[in-house]
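Undergrad: Quick one: structure below, then a few questions.
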Amino acid sequence: RQVLGAQAVPRESPLDKLPMTWRLMQVLPGLLAQPEFAPMARYLTPDATSGATTDAQPGAADDTRLLQLASQLADLFDQYQNYRTDWLQAWAAGRDELTDPTGQPKALDADQRWQPALWRAVLDTLTPEQRSATRPDLHRQVLDKLQGGENFAGRLPRRLVVFGMSHIPGAMLEMLHALAPHSPVILAV
């Protein structure tokens with residue numbers, strides 16, 4: 001907010017865990033016919049061959065399982081928003097790849113291609129304003145602005161102290177590195 005302005009950063013992200021869970025519950029059923037989503041379709045569809053009786057329509061997704069799966073996937077994407085913004089940005093751009101530790105792109109295995117497809121489906125539910133307010137997008141915007149040569153005197157704290165963290169996500173280290181020319185950054189580990 002201090003870099004981009006308070007109006008550019010909403011109080012809650014449209015892709016925080018809870019709203020993400022509901023978005024996933026909305027989009028997943030429409031994706032189950034695609035081949036890469038076959039494992040999820042098998043998990044979500046009541047098993048007609050087991051002899052069990054259900055009130056569900058044949059082929060309909062089980063709502064309880066859908067909620068459980070959406071919740072787990074929301075947690076996964078939340079972790080990616082914190083730790084792997086690079087993956088999410090590549091997926092949003094249509095590249096089904098991962099970035100290895102050296103920064104080189106690596107093609108995603110076929111059994112994992114559902115992840116970028118699902119991420120893009122979720123992004124498609126967002127308005128342009130909401131999409132620019134997702135954590136990966138905000139992260140990129142802040143880095144671009146901090147590295148753009150603008151003077152942030154008086155807008156940033158005199159110093160930034162990160163105390164007692166034994167684990168810092170790469171995206172946070174990028175942010176601290178970009179902040180360092182504008183404000184002293186002290187890591188107390």
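Undergrad: Hey, any hits in the stretch 162-172 for a residue that's more than 22 Å from Arg11 (Cα to Cα), open to solvent by less than 40 Å² (accessible area, probe 1.4 Å), among the polar types (S, T, N, Q) and in contact (Cβ under 8 Å) with a residue 12 or more places away in the chain?
TA: Checked against the condition, which is being more than 22 Å from Arg11 (Cα to Cα), open to solvent by less than 40 Å² (accessible area, probe 1.4 Å), among the polar types (S, T, N, Q) and in contact (Cβ under 8 Å) with a residue 12 or more places away in the chain, the stretch 162-172 yields no hits at all.
Undergrad: Sticking with this one: Considering each residue of the stretch 1-23, count those that are assigned to a loop (DSSP other than H, G, I, E, B) and open to solvent by less than 70 Å² (accessible area, probe 1.4 Å), and give that number.
TA: Counting residues in the stretch 1-23 that are assigned to a loop (DSSP other than H, G, I, E, B) and open to solvent by less than 70 Å² (accessible area, probe 1.4 Å) gives 9.
Undergrad: Filter the stretch 124-137 for residues that are part of a helix (DSSP H, G or I) and within 16 Å of Ala90 (Cβ to Cβ); which is least open to solvent (accessible area, probe 1.4 Å)?
TA: The selected residue is Pro136.
Undergrad: Follow-up. If you go through the stretch 138-161 one residue at a time, how many are surrounded by 16 or more Cβ atoms within 10 Å (Cβ to Cβ) and over 27 Å from Pro128 (Cα atoms)?
TA: 1
Undergrad: Kindly provide the set of residues from the stretch 100-143 that are of a type in the set (Ser, Thr, Tyr) and under 25 Å from Arg1 (Cα atoms), ordered by number.
TA: Thr125, Thr127, Ser132, Thr134
Undergrad: Which residue pairs have Cβ atoms under 8 Å apart, sit 6 or more places apart or on different chains, and have a first residue in the stretch 120-134 that is at pLDDT below 90 and a second that is of a type in the set (Val, Ile, Thr) and open to solvent by less than 50 Å² (accessible area, probe 1.4 Å)?
TA: Pairs found: Ala133/Val9.
Undergrad: Scan Thr49, Thr102 and give me the residue that is more than 30 Å from Phe152 (Cβ to Cβ), open to solvent by 40 Å² or more (accessible area, probe 1.4 Å), modelled with pLDDT under 90 and not in a helix (DSSP H, G or I).
TA: Testing whether each residue is more than 30 Å from Phe152 (Cβ to Cβ), open to solvent by 40 Å² or more (accessible area, probe 1.4 Å), modelled with pLDDT under 90 and not in a helix (DSSP H, G or I) leaves just Thr102.
Undergrad: When you scan the stretch 111-118, do you find a residue that is charged (D, E, K, R) and over 19 Å from the mean Cα position of the chain (by Cα), even just one?
TA: Among the residues of the stretch 111-118, at least one is charged (D, E, K, R) and over 19 Å from the mean Cα position of the chain (by Cα), which makes the answer yes.
Undergrad: Restricting attention to the stretch 96-116, report how many residues are touching a helix residue (DSSP H, G or I) at 6+ places or on another chain (Cβ under 8 Å) and basic (Lys, Arg).
TA: Going through the stretch 96-116 one residue at a time, the tally reaches 1.
Undergrad: Taking into account only those residues within the stretch 30-39 that are modelled with pLDDT of 90 or more and not small (Gly, Ala, Ser), which is least open to solvent (accessible area, probe 1.4 Å)?
TA: Only one residue tops the list, namely Phe37.
The values are calculated or read from the model by the stated rules, or taken from the named source; none is laboratory data. All values reported here derive from a predicted model rather than from experimental measurement. Using ideal geometry, Cβ is built from the backbone for each residue, glycine included, and neighbour counts are taken over all protein chains shown. Note: areas computed on protein heavy atoms with side chains; ligands, DNA, RNA excluded. Shrake-Rupley method; radii C 1.70, N 1.55, O 1.52, S 1.80 Å.
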